[in-house]
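Accompanying notes for the structure given below.
The values are calculated or read from the model by the stated rules, or taken from the named source; none is laboratory data. What you are looking at is a predicted structure, and each value in this text was computed from that prediction instead of being measured. Cβ coordinates were reconstructed from backbone atoms using ideal geometry, including for glycine residues, and neighbour counts include every protein chain displayed. The protein model used for the area step is the full one, side chains on, heavy atoms only, and it has no ligands, DNA or RNA in it. Shrake-Rupley method; radii C 1.70, N 1.55, O 1.52, S 1.80 Å.
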Amino acid sequence: MVQMRTMEVMVGAFMAAGFVALFFLAMQVSNLSSLAGGDGYQVTARFDNIGGLKVRSPVAMAGVRIGRVAGISFDNTTYEAIVTMQIDSSYNTIPDDTFAKIYTAGLLGEQYIGLDPGGSEEYLTDGGKISLTQSALVLEEIIGQFLFSKAEEGGGDE
Amino acid sequence: MEPLARLGRIGIASLERLGRGHLLLLHIFSGITDLITRPRLLVAQLHSVGVLSMLIITVSGLFVGMVLGLQGFYILSQFGAEETLGVMVAASLVRELGPVVTALLFAGRAGSALTAEIGLMKATEQLSGLEMMAVDPIKRILTPRFMAGLLSMPLLAAMFSAIGVIGGHFVGVGLLGVDEGAYWSQMQAKIDLHEDIYNGVIKSIVFGFVCTWIALFQGHDCVPTSEGVSRATTRTVVHSALAILCLDFVLTALMFGE
């Protein structure tokens with residue numbers, strides 16, 4: 001009987017250790033903790049080109065992650081991308097003339113939305129729109145422009 | 001004519017084995033209702049299948065994580081990307097190494113023991129003895145072992161991955177000087193709960209199912225002699241390893257292939 005008891009305790013410890021490990025993986029290793037609930041508010045912004053932005057890409061202000069991209073859709077009439085951002089509810093004092101840009105983290109890193117605060121006294125609320133946006137920099141376009149300007153310079157010299 | 005006949009014999013024999021394996025599985029499942037009323041049988045098997053495998057799993061996990069830390073640091077530092085060491089260690093553990101290595105160790109540690117135990121029970125006619133007493137040996141002996149294997153595998157794989165991440169942290173942050181914050185934050189930013197961790201858990205459940213099934217079938221189907229038991233034990237390890245690696249490819253293609 002005693003042996004059965006110790007066996008039960010050990011099995012209990014085994015199961016507990018397994019669940020602790022699963023919990024550790026979920027909380028410490030994955031992005032569950034930074035996802036924490038669906039609370040917060042949503043704002044939308046329109047971009048001409050979103051480059052490689054994806055759903056769940058970070059939304060950052062001054063380099064600090066304050067939310068995530070919740071959805072990306074395409075407007076059939078204006079041919080623009082509509083990006084819905086989920087901002088954490090604790091960051092509720094973002095001016096409504098904030099400027100949204102799509103940046104790339106590092107040379108080859110993932111793309112994220114960077115918000116530069118404006119000077120307005122009005123704050124963004126749920127369903128708000130960010131009207132000042134700048135598209136993602138597409139490397140091919142930049143190289144194309146660079147070559148074009150080089151060619152023009154060359155033409156001017158002659 | 002003779003080679004053709006031999007090929008046919010092999011085909012029929014393997015198909016027959018496959019059929020017997022599935023019938024055994026059905027029989028094992030039919031014992032689950034009886035098992036619910038007698039959870040003690042399950043506890044005893046969880047002990048021998050799960051608890052006793054814990055040591056080898058945790059120690060291997062620690063060392064695999066530490067090796068990943070060393071190797072990953074060596075490669076990543078050539079690109080100046082040491083900060084992503086956490087992502088590399090965690091992704092490779094959670095997606096692949098955790099489920100696969102745990103399943104291979106599980107087949108070697110627990111699977112072979114199950115086959116040998118049941119094979120010996122058959123060889124010493126304990127299974128027939130149970131049948132004589134109107135106790136269904138499959139429901140009484142095999143079902144608890146099957147459920148214990150199915151339950152233990154995901155827990156063991158989770159332990160393996162968790163300990164491996166800590167081992168990688170020990171080497172990367174403790175010995176090689178990767179930034180501690182970067183190790184965790186990059187990991188949390190890149191490892192997705194559904195994409196990576198759930199899929200890893202699903203893999204480990206599938207492997208646990210297949211490993212335990214193979215072990216029990218080989219034990220139950222063995223030739224009841226000492227040689228037969230030894231052959232069945234070898235077959236358990238070989239078949240389990242092959243099944244794990246093949247299934248891993250299929251599951252990876254289904255889960256992570258676009």
Note to self: Take the residues in region A:1-30 that are polar (S, T, N, Q) and surrounded by 17 or more Cβ atoms within 10 Å (Cβ to Cβ); name whichever of them is nearest to residue B:94 (Cα to Cα).
What the structure shows: A:30
Note to self: Among (1) among the basic types (Lys, Arg); (2) touching a residue at least 12 places away in the same chain (Cβ under 8 Å); (3) outside the structural domain of residue A:53 (by TED's automatic domain parsing), there is one condition residue A:68 misses while meeting the rest; what is its number?
What the structure shows: (3)
Check: Identify, please: which residue in region B:60-104 is free of Cβ contacts under 8 Å to residues at least 60 places away in the same chain and within 14 Å of chain A (Cβ to nearest Cβ) and is, among those, surrounded by the most Cβ atoms within 10 Å (Cβ to Cβ)?
Finding: B:88
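Residues B:9, B:40, B:20: which one is open to solvent by 80 Å² or more (accessible area, probe 1.4 Å) and touching an Asp or Glu at 6+ places or on another chain (Cβ under 8 Å)?
Residue meeting the stated conditions: B:20.
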Notebook entry, point to check: Of all strands (runs of 3 or more DSSP E) completely enclosed by region A:49-158, which ones contain at least 1 residues that are within 26 Å of residue B:191 (Cα to Cα)?
Noted result: A:58-61, A:64-74, A:81-87, A:99-104, A:111-116
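Okay, residues lined up against (1) open to solvent by less than 10 Å² (accessible area, probe 1.4 Å); (2) out of contact with any helix residue (DSSP H, G or I) (no Cβ under 7 Å at 6 or more places or on another chain); (3) more than 14 Å from chain A (Cβ to nearest Cβ):
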site	(1), (2), (3)
B:160	yes, no, no
B:170	no, no, yes
B:199	no, no, no
B:215	yes, no, yes
B:232	yes, no, yes
Next item on the list: Output yes when any residue across region B:28-36 is of a type outside the set (A, V, I, L, M), more than 30 Å from residue B:181 (Cβ to Cβ), within 14 Å of another protein chain (Cβ to nearest Cβ) and open to solvent by 90 Å² or more (accessible area, probe 1.4 Å), and no when none is.
Entry: no
Checklist line | region B:143-164 residues that are outside any helix (DSSP H, G or I), paired with ones that are hydroxyl-bearing (Ser, Thr, Tyr) (beta carbon under 8 Å, 6 or more apart) | finding: none
